[in-house]
1. Which ones in segment 183-203 are free of Cβ contacts under 8 Å to residues at least 12 places away in the same chain and either in contact with a Ser or Thr (Cβ under 7 Å, 6 or more places away or on another chain) or part of a helix (DSSP H, G or I) (or both)?
2. Only one residue in T149, T130 is β-branched (V, I, T), at pLDDT below 85 and surrounded by 17 or more Cβ atoms within 10 Å (Cβ to Cβ), so which one is that?
3. Of K180, K184, K175, which residue is surrounded by fewer than 21 Cβ atoms within 10 Å (Cβ to Cβ), over 21 Å from I55 (Cα atoms) and either among the basic types (K, R) or touching a strand residue (DSSP E or B) at 6+ places or on another chain (Cβ under 7 Å) (or both)?
4. Quick one: which residue in A109, A119, A115 is among the aliphatic types (A, V, I, L, M) and over 25 Å from V46 (Cβ atoms)?
5. Quick one: in segment 204-216, of everything that is in a helix (DSSP H, G or I) and among the hydrophobic types (A, V, I, L, M, F, W, C), which residue is modelled with the highest pLDDT?
6. Identify, please: which residue in segment 162-200 is among the hydroxyl-bearing types (S, T, Y) and modelled with pLDDT of 85 or more and is, among those, nearest to V104 (Cα to Cα)?
7. Just to confirm my filter: which helices (runs of 4 or more DSSP H) fall fully inside segment 75-164 and include at least 2 residues that are aromatic (F, W, Y) and under 21 Å from I199 (Cα atoms)?
8. Kindly state which helices (runs of 4 or more DSSP H) lie completely within segment 1-60 and contain at least 2 residues that are among the hydroxyl-bearing types (S, T, Y) and at pLDDT below 70.
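The values are calculated or read from the model by the stated rules, or taken from the named source; none is laboratory data. These figures come from a predicted structure and were not determined experimentally. Note: ideal-geometry Cβ built from the backbone for every residue, glycine included; neighbour counts use all protein chains shown.
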Amino acid sequence: MIREELDVMLIRTLYFEPASIMAAVVLSLIVAGLLKGAIGVGMPIVALPLLSLFIDIKSAALLLSMPLIFSNLPQALECGKTGQCLTRLMPVLLGMIPGLFLGVRILLALDGNVAKIIAGLVLIGVAGVTLLAPKLQLPSHLIVPAGMTFGFFGGVLGGIAAMAGPLVFIFLLAKGLDGKAFTKEASLYLVVSAGLLAIFLTASRQFGWLDVLVSMAAMLPVALGMAIGQHLRDKIAPETFRKLVLIAVIAAGADLLRHGFFG
């Protein structure tokens, strides 16, 4: 009877997994929050490979949804003019919505090991591209079609691996954004995409709204990590820290591939 009442993934993980697994999950969230606090972005690309070593990758994707929303909300609302920012993001969002829906359907339909293989490939690819940091410059007449294209494939990656951001970040940089303008648009995009991810996942039979409450509780260790990361931010060169983290993410992606192929 208890198992039937708790037949949703995150609740089941909390109820039936040993304390050591839950401690590892909490520690993974703290580490992800530390990265967010230190350099402002990149939480999912660290959190996903760490979490998927201990819990189902589908549960990891939902677990990250509420921390993504709440950790990015202050930056999304910073300096006002959020409505104008949302209008500028509309091509990206219009592409992201069907992409995210498709990505979630792929995630829910996949075997766990196959999902790990795909997530590992995604991590290695996205981290590698981000590490190389190609400097693109889009002409104004290509911004709308490019925004929809980057939004669609960003949404697919968001649905499969809770990483809707990195491809869209490349588009925002190519659009010429930097500083606070980049941070605001990127954060607002992450808030919207993470909210839709939670809605699409909970609309399936594999999750319920109680799982969303667990995801909200996950914000506590993330917030702790963010506080630590903000203190470290002034002591570590952000670019050096970013490169080290991305190299670690590539290694984590390789480890996911190993688990997917041989687990």
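1. I199
2. Result of the check over T149, T130: T130.
3. Only one candidate passes the filter, namely K180.
4. That would be A109, the only listed residue that is among the aliphatic types (A, V, I, L, M) and over 25 Å from V46 (Cβ atoms).
5. Initial filter on segment 204-216 (in a helix (DSSP H, G or I)): 209-216.
From what's left, among the hydrophobic types (A, V, I, L, M, F, W, C): 209-210, 212-214, 216.
Values: W209: 78, L210: 80, V212: 84, L213: 86, V214: 87, M216: 91.
Going through the qualifying residues, I end up with M216.
6. Looking at residues that are among the hydroxyl-bearing types (S, T, Y) and modelled with pLDDT of 85 or more, I get S193.
7. In segment 75-164, 143-161 are the helices (runs of 4 or more DSSP H) which contain 2 or more residues that are aromatic (F, W, Y) and under 21 Å from I199 (Cα atoms).
8. 9-16
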